[in-house]
Amino acid sequence: MKMKKLFLILGMLLVGICLLASCGSTEIDMDKEGIRYTEVVGGYSVSLEHCTVKEVTIPAEYNGKPVVAIDGMTKNSHLESVVIPDSVTIIGARAFYYCTSLKTVEIPESVKAIGAEAFYACTALTEVKLPDELSELGARAFTACSSLTEIAIPDGIATIEEETFRACTALTKVTIGKAVKGIGENAFKGCVSLSTLQIPDGVKTINDGAFKNCSSLKGTLSLGAGMENLGDEAFMNCTGLEQVIAPATIKTIDTCVFDGCDKLTAMFYAGTTLDWAKAKAEMSENNEVLNGCFYYYSEEAPTAKGNFWHMVDSVPTKWPANQ
């Protein structure tokens, strides 16, 4: 009798647990192509982790509700092409993580956020157009996309996060949006093919190692009006750089910013010696490369000793050294 009661109680507990679990469950389905649908607030999210076809067009609706997001996935090595519907607003973290065969992806203008590591190591991806209204681009979103050749950062992005395009070794051109204020640590580190770079006027900070080992950057680099801080090793080993134009707003130049820039002969600072003193800027003792090539702006021929420059036909030009 006691054993029967015990089994009855255990049975009731199991039923209760099952009911509680079902109350909090989310509908999860998978179609014949391996697209997994998970019910979320506002519709469905999808994952292509188990997708069995090479070319996928994600439907805009499922079970009468919109598909609004793409979930994380891991290492779908045969997926080659994806078309995303304009019902989707979020591409989640690791959505296409290690999809090493992915060559093309069509991202609609409806997408407002791309999560961290969303396209990490998509080594076959050659081009991608980011939506104009994109406002969030996660850290390491395109790290090691070694076939990507160009990228334009939309004007809605305020920060390029850490390692976002690190080791994109085929990347030759970057267009940075007007709203960008900061470029994160190692954001473009190891982009050895990067040869075209224009820093817009609104960027205030370039963080540690942001363009380290970008050995194809050549000639003159203009940092843009408003720049304030250059982090440690920001342009280290940019061996093709010859000249840098820096605005008077510069406040700090950290350790080894231009170390290894063997061709660098001049950093043209757009302020005067007095401006530099007022800004209380500090060049680290480990910035020896700048010791002999730091020039102060002077519209008129300077009377003081030192290195000075001015613009001649839009070209930064050194004044003759004063004795």
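Each reported figure results from applying straightforward, stated rules to the coordinates on display, with no laboratory input. Since the model is a prediction, treat every value here as computed from it, not as a measurement. Cβ placement follows ideal geometry from the backbone for every residue including glycine, while neighbour counts extend to all protein chains displayed.
Observations on the structure shown:
- Lysines whose Cα lies under 24 Å from that of LYS65, excluding same-chain neighbours fewer than 8 positions away: LYS32, LYS112
- Estimated at 0.36 nm per residue, the fully extended path between LYS129 and ASP31 surpasses their Cα-Cα distance by 32.4 nm.
- Mean-position separation - Cα centroids, segment 162-228 and segment 90-123, in angstrom: 21
- Using the Cα coordinates of segment 149-323, the gyration tensor eigenvalues translate into equivalent-ellipsoid semi-axes of 27, 16, 15 Å, sorted from longest to shortest.
- Out-of-range pairs (alpha-carbon distance over 25 Å; input LYS54/LYS189; LYS181/LYS263; LYS129/LYS251; LYS54/LYS173; LYS181/LYS212; LYS218/LYS278): LYS54/LYS189; LYS181/LYS263; LYS129/LYS251; LYS54/LYS173; LYS218/LYS278
- Per-peptide packing, taken as the mean over residues of other Cβ atoms within 10 Å, places 265-277, 116-128 in the sequence 116-128, 265-277 from highest down.
- Cα pair distances in segment 27-143, grouped into 10 Å bins until the bin that holds the longest one, percent each: 16, 52, 30, 2
- Where the Cα pairs of the chain fall when distances are cut into 20 Å bins, in %: 29, 41, 21, 8, 2, 0
- The stretch between THR104 and THR303, if pulled fully straight at 0.36 nm per residue, gains 65.7 nm over its current Cα-Cα span.
- Estimated inter-spin distance, LEU274 and VAL83, nm [label 7 Å along Cα→Cβ]: 6.5
- Surrounding net charge for VAL180, when Lys and Arg each add one and Asp and Glu each subtract one, Cβ distance under 12 Å: 0
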